[in-house]
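Read the structure below first, then the notes.
Every number in this text was worked out from the coordinates using simple rules, so none of it is lab data. If you're wondering where the values come from, they're calculated on a predicted model, not measured in any experiment. Neighbour counts are summed over all protein chains in view; Cβ atoms, including those assigned to glycine, are modelled from backbone coordinates with ideal geometry.
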Amino acid sequence: MDYSYFFFIGTSTVALYLLHRSIGLAKVKAAQSIDSRYLAINKVIPYYPYLGILFGGLSTYFLFQTGLQILPTLLVPLILSVLYVIPFLPNGRRLRDISLIKIFVIALTWTWFSMWYLVGKIEGILLGLITVEHFLFILGITLPFDMRDMSIDRNDGVLTLATLLGKAKSLRLTNILLILSCSLTLVIVFFYSLSTLPLMFYSILYLALLWFLNVHISFKRDFYFTGVLDGIILLKGAIGWLFVI
C-alpha cells in the first residue's frame, strides 16, 4: 500500500475533527452546558478555519496521490464519518446523537479504514483475527471518551454505553475489551511473526494502557484523551509497522 493512503486518512481525520469540534462547541453553547474542556477549545476556535483549509487541502492532495479508485471501497465508512459530524437530522442532530450507536459507528469505521487494504493480501483466518482484534481495541479505547462526555450526553438526551452502565461498569467493560484485544494480538503475533520483539512491545503497551485507564487517567483533562489515548492508537500501529509488516 502506498503510504499516501495513510497520510490521506490522517489529514482527513484532522480536518473532520476540526469541523466536529466546531459544531460540538456551537451545540454546547446553545445548550448552555459549556465545560472547562470546551472553554479551552473556544480559545483556539478562531484558528480552526485556517487549519481546516490546510488539512482539507492536504487530504485532497493525498487522496489524488492514492488514487480515486479507492473511493468506492471506502464509501460506507466515509459516509458514516461525515454523518457522524454533520447535523443532518431534525433538531440539528447528528449520527452521534442517536442513542447507543456512537461507539459502534466509530469502531466500524476505524476498523474498515484500517483493514480493507489487507483483503486478498493475507489469508482469511489471519484477516478475520486482525479485524476482530482491531474492532475490540477501538471499542475499548473509545469507551473512556464516552465516560468523559457523560454529562454532555445526558444534557443532550443521548444514551450511550457509559450513561447506561455508569462509570464503574464502563471501566470494567473497557478492561475486558482491551484484555481480549491484547490476547488476540499476542496470539496473532505468536503464530504469524518470526520475532519475539513484537510480543514484548505489545505486552508493555497494553499493560501501560490498562494501568493508565485504571490508575492515572483524569476525566477532566482533554490531554489524556486527545493526547495519550489517541497517541496509543498511533503507537500500536507503529509497533505493527516496525516489527510485523
- Task: Show which lysines lie in cross-link reach of Lys27 when reach means a straight Cα distance below 27 angstrom and same-chain residues fewer than eight apart are skipped.
- Result: Lys43, Lys102, Lys167, Lys220
- Out of Asn214, Asn91, Asn155, any idea which swings most in a Gaussian network model of the chain, alpha carbons joined below 10 Å? Asn91
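Using Cβ counts within 10 Å as a stand-in for footprinting exposure, how do Lys167, Lys102 rank, fewest first? Working shown, then result.
Values: Lys167 15, Lys102 24.
Least to most surrounded, the residues fall as Lys167, Lys102.
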- Please work out how much length the chain gains when fully extended from Leu19 to Tyr3, using 0.36 nm per residue of separation minus the C-alpha to C-alpha distance, in nm with one decimal. 3.3 nm
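Using only helices, what value at 222 nm comes out for the chain when you add -39,500 (n - 2.57) per DSSP H run of length 4 or more and divide by the total residues, to the nearest 500 deg cm²/dmol?
The helix contribution divided over the chain gives -22500 deg cm²/dmol.
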- Integer Hz, Karplus 6.51/-1.76/1.60 couplings in order for region 91-106, x for Gly and Pro: 6, x, 8, 10, 4, 5, 8, 7, 4, 6, 10, 4, 5, 6, 5, 4
- Item | Dimensionless Rg over Rh [region 99-244; C-alpha; Kirkwood] | 0.98
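How much of the pair distance distribution for the chain lies past 31 Å, counting alpha-carbon pairs only, in percent? If you can, show how the numbers build up before the last one.
Working: 7750 of 29890 pairs.
The proportion of pairs with Cα distances above 31 Å equals 26 percent.
Using a cut-off of 10 Å between beta-carbons, work out the net charge of the residues near Leu165 (Lys and Arg +1, Asp and Glu -1, Leu165 not included). Please list the in-between numbers first.
Numbers: positive: Lys167, Lys169, Arg172; negative: Asp146.
Neighbour charge sum, excluding Leu165 itself: +2.
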- On the first, second and third principal axes, largest extent first, how far apart are the outermost C-alpha atoms of region 1-74 in Å? 45, 22, 15
